[in-house]
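A.B. asks: Have a look at this one.
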Amino acid sequence: MDTLDTAPTRTPLPAAPPRPAGALDLDGKAILVTGATGSFGHAFCRLVLERYRPRRLIVFSRDEAKQYDMQQLLSPTEHRPLRYFIGDVRDVDRLEMAMRQVDIVVHAAAIKQIPAAEYNPFECIRTNIHGAENVVRAALRAGVERVIALSTDKAASPINLYGASKLAADKIFVAGNNLSGEGGPKFSVVRYGNVVGSRGSVIPLFERLIAAGEPALPITDARMTRFWITLRQGAEFVLSSLKMMRGGEIFVPKLPSMRLVDLARSMAPHLPQRMVGIRPGEKLHEVMITEDDARATVELADRYVIQPQFEFWRDAEPAPPETPGTPVPEGFRYSSDTNPNWLNEATLATLLKEPRG
């Protein structure tokens, strides 16, 4: 069937709502999002177009079909700032070309599926580690203002290649501030948990199995817990972190946890659960801040901030009033099983109704 026959219906964006107090003003800015055709990229671009009037909003990705679909969803006649760049984060020259006269970069491109990374380790490293290096190099050469990279809870004490590659990427972005010099780009990282409804996550899997009439839902382990965040919440958190970043921080939102057995029971109370065992490279519980990270971590009302351990960082410029925070206690660990904040069925039902990009 021809692609035009299956193109999604264009959905005009609503009028711009009031902006949160203290948000970074993106009016007139040029913004580039790597991996922008993914679930997060859709949500982030949509939020920016709802709330701001950027000079340019550049969709940078390597899949022309997904870019085509995105163009149909976000009509170019209504959203003139959108630009679609075919490119790969493995190609530093293409990145540098795309970043010309860009103010802000959000780096979301990555190989994210644990089994795919384990089976294709060279490809994972080229995209997640070499790609991070290329983004830093291109941003330095192009002279952008701010770069914020998306990370994952799996980067803390990693036991799989995906987590290890993202830990390496986090280190690259934090250390990128060493290369900036005075007035150069600032680099920071956002680290959060499982995204409700994102491609490849367990919630769409459960929904497909329920719709197909499966007799039971597969559970890897009855004890397993995870942090949860929606796409909209993730996009909002990136925007707020862009505002408060000074360079080198890892921002970690305060999120609710839920056991997978409770998630399955909430989605399909009529179905039994079938234990299938933990997959290779999978953890029982996710950790976003380890005890070692805690020594450099401060707590704010809605997030934790792992501060960089640079001698020059603390005195480089005064911290904004909302960012000093309170040091977390000795031995602090932010883990999905000991988290005091838990999702219940009613809250989960609300999250499942949110748009998924």
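The values are calculated or read from the model by the stated rules, or taken from the named source; none is laboratory data. Computed from a predicted model, the values in this text were never measured in an experiment. Don't worry about glycine lacking a Cβ; one is built from the backbone with ideal geometry, like all the others, and counts go over all protein chains shown.
A.B. asks: Can you run down the residue pairs with Cβ atoms below 8 Å, 6 or more apart or on separate chains, where the first is in segment 211-222 and free of Cβ contacts under 8 Å to residues at least 60 places away in the same chain and within 17 Å of Leu260 (Cα to Cα) and the partner is hydroxyl-bearing (Ser, Thr, Tyr) and exposed (fewer than 10 other Cβ atoms within 10 Å of the Cβ)?
C.D. replies: none
A.B. asks: Something else now. Under the condition of being of a type outside the set (Gly, Ala, Ser) and under 14 Å from the mean Cα position of the chain (by Cα), which residue from segment 145-161 is surrounded by the most Cβ atoms within 10 Å (Cβ to Cβ)? Step through it out loud before you land on a result.
C.D. replies: Keep residues of segment 145-161 that are of a type outside the set (Gly, Ala, Ser), which gives 145-148, 150, 152-154, 158-161.
Still in the running and under 14 Å from the mean Cα position of the chain (by Cα): 147-148, 150, 152-154.
Numbers: Val147: 30, Ile148: 22, Leu150: 24, Thr152: 24, Asp153: 27, Lys154: 27.
Applying the filter and picking the extreme gives Val147.
A.B. asks: Then there's this: Looking at segment 106-123, which of the residues that are farther than 20 Å from Leu239 by Cα and aliphatic (A, V, I, L, M) is surrounded by the fewest Cβ atoms within 10 Å (Cβ to Cβ)?
C.D. replies: Ala116
A.B. asks: Next up: Kindly list the number of the only condition in (1) of a type in the set (Val, Ile, Thr); (2) modelled with pLDDT under 90; (3) under 19 Å from the mean Cα position of the chain (by Cα) that fails for Ile229.
C.D. replies: Unmet for Ile229, out of (1) of a type in the set (Val, Ile, Thr); (2) modelled with pLDDT under 90; (3) under 19 Å from the mean Cα position of the chain (by Cα): (2).
Residue by residue, here is whether (1) surrounded by fewer than 21 Cβ atoms within 10 Å (Cβ to Cβ); (2) farther than 18 Å from Tyr304 by Cβ; (3) acidic (Asp, Glu) holds:
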position	(1), (2), (3)
Asn178	yes, yes, no
Gly181	yes, yes, no
Val195	no, yes, no
Glu207	yes, yes, yes
Pro215	yes, yes, no
Thr220	yes, yes, no
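A.B. asks: Residues being modelled with pLDDT of 90 or more and part of a loop (DSSP other than H, G, I, E, B): count how many of those fall in segment 312-342.
C.D. replies: Here is the first cut: in segment 312-342, the residues modelled with pLDDT of 90 or more are 326-342.
Filter once more, so that each one left must be part of a loop (DSSP other than H, G, I, E, B): 328-333, 336-341.
Here the count works out to 12.
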